[in-house]
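Here's the structure we're looking at; comments come further down.
The values are calculated or read from the model by the stated rules, or taken from the named source; none is laboratory data. In this text the structure is predicted, and so the values were computed from the model without any measurement. A quick note on method: Cβ atoms are made from the backbone with ideal geometry, for glycine too, and the neighbour counts reach across all protein chains shown.
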Amino acid sequence: MRVIHFYKYQGAGNDFIMVDNRTATFPKGDTKLVAQLCERRFGIGADGLILLENDPENDFCMVYYNSDGNPSSMCGNGGRCIVAFARKLGVISAEETTFSAPDGLHKAIFKNNLIHLQMQDISDIQKVKKGVTLDTGSPHYVEVVKNLDSLDVKKKGAEIRYGVPFNIEGVNVNFVEPISDNRFKVRTYERGVEDETYSCGTGATATAIAMHKTGKTKAEYIILETKGGTLEVTFEVKKEFLGLKIKEYTNVWLIGGADFVFEGTISI
């Protein structure tokens, strides 16, 4: 019997189990254990589990698991949460930090009680079905709909997530309803959770970029309303990429809160 000391954090209602794994003692290959810990009735309960580990070249390393127990790609809300977690542990003390994550390096800044997380540049945006696909550290599909509040996100999201052309690899699915020029309501079905979550950081980022790319807004500061709260995305647009007349979105920042909820121990 082993005891794990864990911390619970949430960013816009997207909640995570955080574990300090700088001693490399967490059984990283035990996907069944991760899924059990994330189970809401028989475990701690969370949308995902995040390990904070040592990084020889950066302040720390982020390792992310979906609630199904499998290692996954970047999580934007989780990225902000691990930055707050690193500060709580004393790993960082400055207002800025750089850390490694599944999709590469990220910079984060503490400002006005919010965390500004720099995302990767984005240029490959494709028209698919009724929406667009793009990768913001995780693959996303974004579709504008009417009457978003009444949409069965779990049912419709699963159909797209498992359907052609995404199939087994899947995709995160975002349904969007415009509110004003730079404000949108978004609901997200997350692969690996296989359900709607209260918010998705990479999904909010994908939605903001997609709305600009498809002409739904000309703003480069976008407000996203999710079930778990408000997120903000800012970016700059380059009209040329590698000498081609292709829009590239650069200097992309995801802005929102990251709150400590509680900590405890669990025997495994």
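Values for this structure:
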read-out	value
Filter pass, VAL164 being touching a helix residue (DSSP H, G or I) at 6+ places or on another chain (Cβ under 7 Å), farther than 26 Å from ALA86 by Cα and either part of a loop (DSSP other than H, G, I, E, B) or among the hydrophobic types (A, V, I, L, M, F, W, C) (or both)	no
Condition broken by SER199, with the remaining ones in (1) surrounded by fewer than 24 Cβ atoms within 10 Å (Cβ to Cβ); (2) assigned to a loop (DSSP other than H, G, I, E, B) satisfied	(1)
Any hit, the stretch 53-67, residues being among the acidic types (Asp, Glu), in contact with a Leu (Cβ under 9 Å, 6 or more places away or on another chain), more than 21 Å from ILE255 (Cα to Cα) and surrounded by 18 or more Cβ atoms within 10 Å (Cβ to Cβ)	no
Single match in THR207, THR188, THR133 (criterion: among the β-branched types (Val, Ile, Thr) and in contact with a helix residue (DSSP H, G or I) (Cβ under 6 Å, 6 or more places away or on another chain))	THR188
One residue from VAL176, VAL186, VAL193 being under 19 Å from GLY79 (Cα atoms) and in contact with a strand residue (DSSP E or B) (Cβ under 9 Å, 6 or more places away or on another chain)	VAL193
Qualifying position, being aromatic (Phe, Trp, Tyr) and farther than 16 Å from MET18 by Cβ, among PHE42, PHE85	PHE42
The listed residue being surrounded by fewer than 18 Cβ atoms within 10 Å (Cβ to Cβ), under 19 Å from ARG191 (Cβ atoms) and out of contact with any Lys or Arg (no Cβ under 9 Å at 6 or more places or on another chain), out of LYS111, LYS107, LYS146, LYS129	LYS129
Matching residues in the stretch 1-48 - criterion: being under 21 Å from ILE255 (Cα atoms) and part of a strand (DSSP E or B)	LYS8, TYR9, GLN10, GLY11, ASN14, ASP15, PHE16, ILE17, MET18, GLY48
Any hit, the stretch 73-84, residues being loosely packed, with under 15 Cβ neighbours inside 10 Å, outside any strand (DSSP E or B) and outside the structural domain of VAL171 (by the TED database)	no
Hey, ALA258 of a type outside the set (Phe, Trp, Tyr) and either farther than 18 Å from GLY157 by Cβ or in contact with an Asp or Glu (Cβ under 7 Å, 6 or more places away or on another chain) (or both) or not	yes
